[in-house]
Every structure is written in structure tokens, then in C-alpha cells.
1. What are the trypsin sites (Lys or Arg not before Pro) within the stretch 24-97 that DSSP puts in a loop, where the Cβ has at most 14 other Cβ atoms within 10 Å?
2. Mind checking the dipole of the stretch 81-141: about its Cα centre, +1 per Lys or Arg Cβ, -1 per Asp or Glu Cβ, Debye to the nearest 20?
3. Label the stretch 5-193 by shape, choosing from rounded, prolate and oblate, from the square roots a ≥ b ≥ c of the eigenvalues of the Cα gyration tensor; if a/c is under 1.5 it is rounded, and otherwise prolate applies when a/b is larger than b/c, oblate when it is not.
4. When only Cα pairs under 8 Å and 6 or more residues apart are kept, what is the percent relative contact order across the chain?
5. Place a +1 charge on the Cβ of each Lys and Arg in the chain and a -1 charge on the Cβ of each Asp and Glu, then give the dipole magnitude about the Cα centre in debye, rounded to the nearest 20.
6. Measuring from centroid to centroid over Cα atoms, what is the spacing of the stretch 188-250 and the stretch 325-397 in Å?
7. Please list, or write none, the aspartates and glutamates whose alpha carbon is within less than 15 Å of the alpha carbon of K2, excluding same-chain residues fewer than 8 places away.
8. Of K297/K339; K319/K353; K212/K319; K38/K319; K202/K335, which pairs sit farther than 25 Å apart, going by alpha carbon to alpha carbon?
Amino acid sequence: MKVANVAIIGTGYVGLSCGACLAHLGHRVVCVDNALDKVALLQTGSIPILEPQLPEIVAEGLDAGRLTFTSDLNDSVANAEFVVLCLPTPQGIDGAADMTYVFDAVSNLKDSLAPGSIVITKSTVPIGTYGEIVQRLGRTDVEVASNPEFVREGSAVADFLHPDRIIIGARTDAVAQRVATLYKDIDAPVVATDPASAEALKYAANAFLALKLTYINSIAAICDAYGADIREVVKGLSFDPRIGGQFFNPGPGWGGSCFPKDTRALTHISEQGGYDFRLLKTAIEANDLHQQSIVDKIISSCDGDVRGKVIAVWGLTFKANTDDIRDSPAIVVIKKLLKLGARMQCFDPSVSKVPTEIEGSLLAETALEATTGASALILLTEWAEFALVKPRDVFERMSSPRVVDARNLLDRESWRANGFTYRGIGR
Ligand SMILES: NC(=O)c1ccc[n+]([C@@H]2O[C@H](COP(=O)([O-])OP(=O)(O)OC[C@H]3O[C@@H](n4cnc5c(N)ncnc54)[C@H](O)[C@@H]3O)[C@@H](O)[C@H]2O)c1
């Protein structure tokens, strides 16, 4: 394999996983970040995020001298054949992606780029960003390519090393092929396309997944109304290869660092292009309503009023096996309950201090401790360890044995047998 010098700009969930994995594949990688404390931590081998397998491959890269961390943008870029942008593209005004981080970095690094190098965009960016980066760089001796990232938090390392596909949007085949050399030892189809299609594809994928979840949450609501069991429905549906059973579990609504901002960005992109993406707008609205319906379930479980009552919460992160609470549905639900005067007692295995968004909540040290004196328990993140807690132990601590299982994780029969009023999603 041809070993390349790679500079990763932005060492967050995507940049750190990508940088460590590229070093694991044999490349010489420098990860750049402007958060000095983060860089200092990473230089000592400490990992600022929770991501399975990441500590091991970061340690491997540091030991081998193939992975380094720095805040020196210009020096790193000057020695790199590939400069990979892994910068944030948060939701901005009108739902559009805020491109400040990406464009500021492009301005800062453009004069330091080595002739013949390729700037690769891994951040999720609006369609047309490729052209804008080319223009802002103003360098005819440097190429630009779009290489959207599909890793999932909680399995980013495994996803990076075993992807379903590698998408490369470039001006010419030759540029695409050069980018593909980075992934030479990865066994996955490489789809070379034009930059705009690569950029569009990433949004299309995330919006589709959000629609899929909205759909199954809607079917779950119908199951709730008629006494059907969503789990049986999903099981039956999954035999149809046109539908498939993956990413089809109902829950407290979709959230996280990507779907909310990317669906809104896509409706904005559509509008700019003269198309009114009603389906997606409706899904966003339906997701908000679905999150409200979880709150309503808790209120009705608490005899119509949560004011002054202690509500126990299991799970704050947007999904299990991550410490990321950005746009987590759990946070949305807790904020609504706090507003109604509930006293929140939360536990999450990966969260060690009360997030500012839910200030006023208590953070317990264990799942069991969170249930002390509670009038209801709500499970919002599918951490496997919650399924191992004995309902009998919870029963003894709570003031009223009611549980709302927004992930359908718990053994309903066992909880009912232990005296609980159990309510799931669509069952
Ligand atoms: N998180 C995911 O699961 C995921 C998956 C696929 C794609 N993406 C996309 O990847 C991009 C990055 O997402 P993320 O979750 O890794 O973001 P993040 O917020 O975790 O990381 C971004 C990093 O960039 C750093 N940074 C900001 N400005 C900088 C600058 N000027 N110079 C150097 N570093 C700078 C920040 O300090 C931070 O460490 C986004 O566009 C996102 O939509 C994310």
C-alpha cells in the first residue's frame, strides 16, 4: 500500500475516528484541532470521547509514531498530500448548515497547502460546497474532492474499517483514484462520482433514515391505539427485502448530532433549489410531535400531573455506546418535563455531570439510585445494562411502580409480574 501523509482538520467524533483509522491502515496522520485542551489530552493518549475501540487504535498510532496531534494548522497542512476537513457544520439560520467552520479553515490553510495536494471534505456540506471551496482556495495546483462520511457514533471505528461503501466525488477519475488509495486495504465498493452528487448523497442517506424512523414511530402509535405489538409488526415486515428490518426500532424520536441538523439543512437546500420537500418537513414535524407524545405518556402515567413529582430517567445520550448528548431526544423530553415542574433524577453510564440544557436535574451514580422515591421511571436510551436491572429492586425504591420504556428494551412480562404498570412504544 502507498503510505500517504494526511492532515485531518477537526479532531471530533469523525476526525478522531478517521485519523486513528487511517493511521491504523499505515498512513502518517496528523490530527489538527483548535481546542488546545483537547489536543493536549490526545497527545497523552487520553480520549476525550466515548467510542468503542478508539483508545486502542489511538494508542497503536501514537506508539508507532504514525499518529500525532497538534494545533498548528499551517505546518501540518504544508506536509500533507491529503487534507481532510472534518469540521462541524451545525444548524444555522433558517435551518441551513452553518459553513463558518469549514470556510474559515479553508481561508486559514489555503496558502500553506502543498502543490499537488488534495483537500477532501468529510464534513456533511450543502450541495455546491465543492465549487465554493475551489473558489475560496484559489489554487489551480490543488485539487478538491468530496468524501462524505457514514460512520455511526458508537461503532465509528468498525464502520470506518468495514464500510458499506466509499463515496468519492471528484472532478476527474484520476483525482478520485488518488483519494481511493487512502482506502486501498479496505474491502468495500468505491463509488466515484461528481462532487455535487457525493454531497447530495450524504443528505439523501440521512434524510431517508430519519424518514424510516418517523414511519415506524407512526406505525407504533397506531399499534398503541389498537393494541397491536410493533415488535411483531417489524418482525413480519423485515422479511420483505424491499423494506428490510434494519434501523426500524421505534423509540423516543430521532435525534443526535446529525439527523436534526441534516434534515433541516436538506429542506433548506431543496427550497433554494425551488423544490418544496414536504415529505421531509412533515417528518420533522411528526418527530417533534412524537417526542411530545412520550412526554404525554409520562404525564398520563402520573395521573395527569407531573408537577412536584420525582421522575427517574435512564439514559441521556441520543443512543447507546456514545457520550454524545447533542440533540438527544432524552434531553428534549427532560426539558419539557422540567418545564412542567417535574423533579428529574437521571442516570446515564457515560454522563458524569448534569448537562447545562437540563440544569436543575439530579444526576445519580447508578440506575437504581435514580429511581429512589420516583413516581415514574422513563427509559430513554437503549443502554444494554438497563435490561439487567432487577425490577424487584426498582420496585422497592420507587414511590409508584410505573415505567415508560421508550426503547422497548425491558422485559415487559417480568416488570409487570413485579407489580409495575408498564408502557412501551407501540406495544
Ligand atoms: N458525528 C457523526 O456521527 C458524524 C457522522 C458522519 C458525518 N458527520 C459530519 O462530520 C462533521 C464533523 O462532525 P463531528 O461530529 O465530528 O463534529 P465535532 O463537533 O465532534 O468535531 C469537530 C471538531 O472540529 C474542531 N474545530 C472547530 N473549528 C476548528 C478549526 N478552525 N480548526 C481546527 N479544528 C476545529 C472542534 O474543536 C472539534 O473538535 C459534521 O459535518 C458532521 O455532520 C458526523
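1. On the way: sites: R28, K38, R66; in loops: R66.
Nothing satisfies the criteria.
2. On the way: 4 positive and 7 negative charges, 19 e Å.
With only Lys, Arg, Asp and Glu charged at Cβ, the dipole is about 100 debye.
3. Values: a/c = 1.33, a/b = 1.22, b/c = 1.09.
Here the stretch 5-193 falls in the rounded category.
4. Working: 857 pairs, mean separation 52.2, N = 427.
Relative contact order for the chain comes out at 12 percent.
5. Working: 41 positive and 52 negative charges, 184 e Å.
For the chain, the charge dipole is close to 880 debye.
6. 28
7. E81, D185
8. On the way: K297/K339 16 Å; K319/K353 18 Å; K212/K319 17 Å; K38/K319 23 Å; K202/K335 30 Å.
Pairs exceeding 25 Å: K202/K335.
Every read-out reported here was derived from the displayed coordinates using simple, explicitly stated rules and does not represent laboratory data. Predicted model, so just to flag it, every value in this text is computed and none were measured. Cβ coordinates were reconstructed from backbone atoms using ideal geometry, including for glycine residues, and neighbour counts include every protein chain displayed.
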